[in-house]
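Working notes, beginning with the structure itself.
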Amino acid sequence: MTGDPKANPDPDPAPTGTGLSPDFPGPDSLTWRYLGQWRLMLVIGRALVLETGHPMVGAAVADHSTYRKHPWRRAEQTAVSLQRQVYVPRLDRAKEYARLRRLHRRIHGTDEFGRTYSAVDAEAMAWVHLTLYDAMVTMCATGGEPLSADDEARLYREWRAVAVEFGIPEHVLPKTAADFRVYFDRMVREVLRDTRGVHQLIESVQTEFPPPQWLAFLPAPVWGAVRGVAAKAYIVGTVAMLPSPFREQMPVTVPRGAAAAVSLVTRAAALAARHLPVRRAYMPLAATHIDAYRGSRAVPRRVHPDLAGLFARILDRTGDGHVSWSDMAGMARTIVTQLDADEAAEAELYDAFAQWWQELNAHAAAHDPDRRPGPAGDDQVSAAEYAAFVEAGRDHVLHTTMLAVARAADRDGDGFIDRDDYARLLRADIAEVELRTGFERLDRDRDGHVSLDEFAAALTAYLTGRADSEVGEYLLGRA
């Protein structure tokens, strides 16, 4: 079996829609609730075996993957990529989609039977993507919390919307959760095989089973003593969770009681996930965005009576009654000028404001079926649509943008805004007493420093009409 570096018979898939689907998972979605939990790693092995059982995927993995040396690496990279596809702002998601397309475009060749394969084959991509939906459903079921039919349908709509935004053609994706079950059963019965890739995946775990990242603290002798047992238990547990027609093809004997042991472990993990804090129950990237969202929701959702005035005074830079990308770019330009930002900080600021604009514009489009996009780069958001964005609790998106402002304001890079930074932001245009009062309002513990997160939260509260801000007025209100 050889890979052909010259031929690539399949086109590079690209996003097919111009607007964000209303089904795309947001902070209140089931996908946000389940995808980023650490306990997903208990069933990720099932997903990887199901993926690799597809003859085209198995051939590609056998020829191109490095998991034989680092069996956990693919699982960990998959987990990080999944978080980037769901939890981060839209511009960052687009960057992850583009990275994956570049990666997959280079994976193609011919298997041992003379059949060509390509990692950008639409049907193979659909199968790989949908095994992760199955993984979330399986995680809940084995954890003693099976999803209701309605929740399965909702989760499927969300996950299908992720596939469409990534660029997988809709015609290769089952339309509903019920259609997916028919599709899944057919794939298991008629398509999946005990491929060379599956054999190599299982062998790699048996022979080279380094500790996963979350157990890296264990001394080498300790891990060496338990590695064989841990590897065998993980393999047996993974195979035990496979659908029976495929499980019977596996070169692994599942002993009696394995299913009960899997149930015990997954139920314990589900119990822990319910009681652990977000930072412990979720993977880092997911935890960061969930915490940011919950923090914004913890603030009373009181919109300032003069939000329309703030919209007109701060956001609508062109004075035409709407916000467009040119207005957002104008705000970024003002901040760059006020902070005398260097080239790197300027690039980060423009990227951050572009992310905010994309999320704001996509939210407006998704919630207004009559809305028609203007010419490229000329979409507009009204004051009412901005207020709806605020009321929907999308503060975590804006908070990410304001963190870029905070980093640019932190001139010495120590991770804090001190009084000198604060005074420079205002250019000493206010009296000393006002300067001290404004800074102390941010410096809640009175240690003379304001964390970047606190500073970003203050600007976010200001731009969502929930608090006044001297630095917001002076930094963002200047033409």
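The values are calculated or read from the model by the stated rules, or taken from the named source; none is laboratory data. Being a predicted model, the structure only gives us computed values, none of them experimental. In this analysis, Cβ positions are derived from the backbone assuming ideal geometry, glycine residues included, and neighbour counts consider all displayed protein chains. Heads up: the accessible areas ignore ligands, DNA and RNA and are worked out on the full protein's heavy atoms, side chains in. Shrake-Rupley method; radii C 1.70, N 1.55, O 1.52, S 1.80 Å.
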Before I look further, what does region 254-297 give for accessible area per residue, probe 1.4 Å, in whole square angstrom? 60 Å²
Could you check how much of the accessible area of region 160-200 is carbon and sulfur, as a whole percent, using a 1.4 Å probe? 55 percent
Based on the mean of other beta carbon atoms within 10 Å per residue, what is the order of 278-286, 130-138, most packed first? 130-138, 278-286
If you roll a 1.4 Å probe over the heavy atoms of the protein chains, what accessible area per residue do you get for region 77-159, in Å²? 39 Å²
With a Förster radius of 45 Å, plug the Cβ-Cβ distance of Arg105 and Arg419 into 1/(1 + (r/R0)^6) and report the FRET value to the nearest 0.05. 0.30
Carbon/sulfur fraction of accessible area - region 94-142, other protein chains in place, 1.4 Å, %: 55 percent
Calculate, in nm to one decimal, what Ala230 and Leu91 gain on full extension: separation in residues at 0.36 nm each, minus their alpha carbon distance. 46.1 nm
Here FRET efficiency (C-beta to C-beta, Glu145 to Ala366, R₀ 30 Å, nearest 0.05) is 0.55
